[in-house]
Amino acid sequence: VQLQASGGGLVQPGGSLRLSCATSRSISSINVIGWYRQAPGNQRELVADIRSGEITKYAGSVKGRFTISRDSAKNTMYLQMNSLKPEDTAVYYCNTLYFGLDYWGQGTQVTVSS
């Protein structure tokens, strides 16, 4: 599975961004797909994921601000990020576990700064 992330950039605190992750496989055939992030000096952490049945999970730090979704027609997953904070600054990666193997996209930089 190939994953292509996009949509990162520089945004002011309180602003919004939408990340996209295009998949090379039918996203309907993928049981779980999600977003991770890694800030300098920190470990990579789960931001949100979405599973079969459209069951979603969020990190406590983003709950209520971020929304994960997927579009089966476009084979694309999204992360809508609102009310962004400087602590959201990180490289964001899309990830999926497909037939027991872990796949990662290339990462997209999100910088929240005034």
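Tabulated values for the structure
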| item | result |
| --- | --- |
| Long-range neighbours under 9 Å by Cβ, at least six apart or interchain, first residue under 16 Å from residue 47 (Cα atoms) within the range 89-114, second modelled with pLDDT under 95 and basic (Lys, Arg) | 96/25 |
| Elements of type strands (runs of 3 or more DSSP E) in the range 1-69, at least 2 residues being aliphatic (A, V, I, L, M) | 3-6, 9-11, 17-23, 32-38, 45-51 |
| Those residues of the range 92-104 which are open to solvent by less than 70 Å² (accessible area, probe 1.4 Å) and touching a Phe, Trp or Tyr at 6+ places or on another chain (Cβ under 9 Å), in sequence order | 92, 93, 94, 95, 96 |
| Matching residues, the range 58-69, being in contact (Cβ under 8 Å) with a residue 24 or more places away in the chain and open to solvent by 40 Å² or more (accessible area, probe 1.4 Å) | 61 |
| Of the criteria (1) among the basic types (Lys, Arg); (2) closer than 23 Å to residue 10 by Cβ; (3) open to solvent by 20 Å² or more (accessible area, probe 1.4 Å), which one residue 37 fails | (3) |
| Sole exception among (1) within 12 Å of the chain's Cα centre (by Cα); (2) at pLDDT 95 or above for residue 43, by number | (1) |
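Quick grid of which residues meet (1) without any contact (Cβ under 8 Å) to a residue 12 or more places away in the chain; (2) over 21 Å from residue 100 (Cα atoms); (3) surrounded by 13 or more Cβ atoms within 10 Å (Cβ to Cβ); (4) in contact with a strand residue (DSSP E or B) (Cβ under 8 Å, 6 or more places away or on another chain):
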{"site": "14", "(1), (2), (3), (4)": "no, yes, no, no"}
{"site": "19", "(1), (2), (3), (4)": "no, yes, yes, yes"}
{"site": "32", "(1), (2), (3), (4)": "no, no, yes, yes"}
{"site": "41", "(1), (2), (3), (4)": "yes, yes, no, no"}
{"site": "46", "(1), (2), (3), (4)": "no, no, yes, yes"}
{"site": "49", "(1), (2), (3), (4)": "no, no, yes, yes"}
{"site": "52", "(1), (2), (3), (4)": "no, no, no, yes"}
{"site": "73", "(1), (2), (3), (4)": "yes, yes, no, no"}
{"site": "82", "(1), (2), (3), (4)": "no, yes, yes, yes"}
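So that you can scan it fast, the table gives a plain yes or no per residue for (1) among the β-branched types (Val, Ile, Thr); (2) in contact with a helix residue (DSSP H, G or I) (Cβ under 8 Å, 6 or more places away or on another chain):
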site: 21; (1), (2): no, no
site: 33; (1), (2): yes, yes
site: 48; (1), (2): no, no
site: 67; (1), (2): yes, no
site: 76; (1), (2): yes, yes
site: 91; (1), (2): yes, no
site: 97; (1), (2): no, no
site: 104; (1), (2): no, no
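The values are calculated or read from the model by the stated rules, or taken from the named source; none is laboratory data. Source: prediction; values computed, not measured. Cβ atoms come from the backbone with ideal geometry, glycine included; neighbour counts cover every protein chain shown. SASA here: full protein model, heavy atoms, side chains in, ligands and nucleic acids out. Shrake-Rupley method; radii C 1.70, N 1.55, O 1.52, S 1.80 Å.
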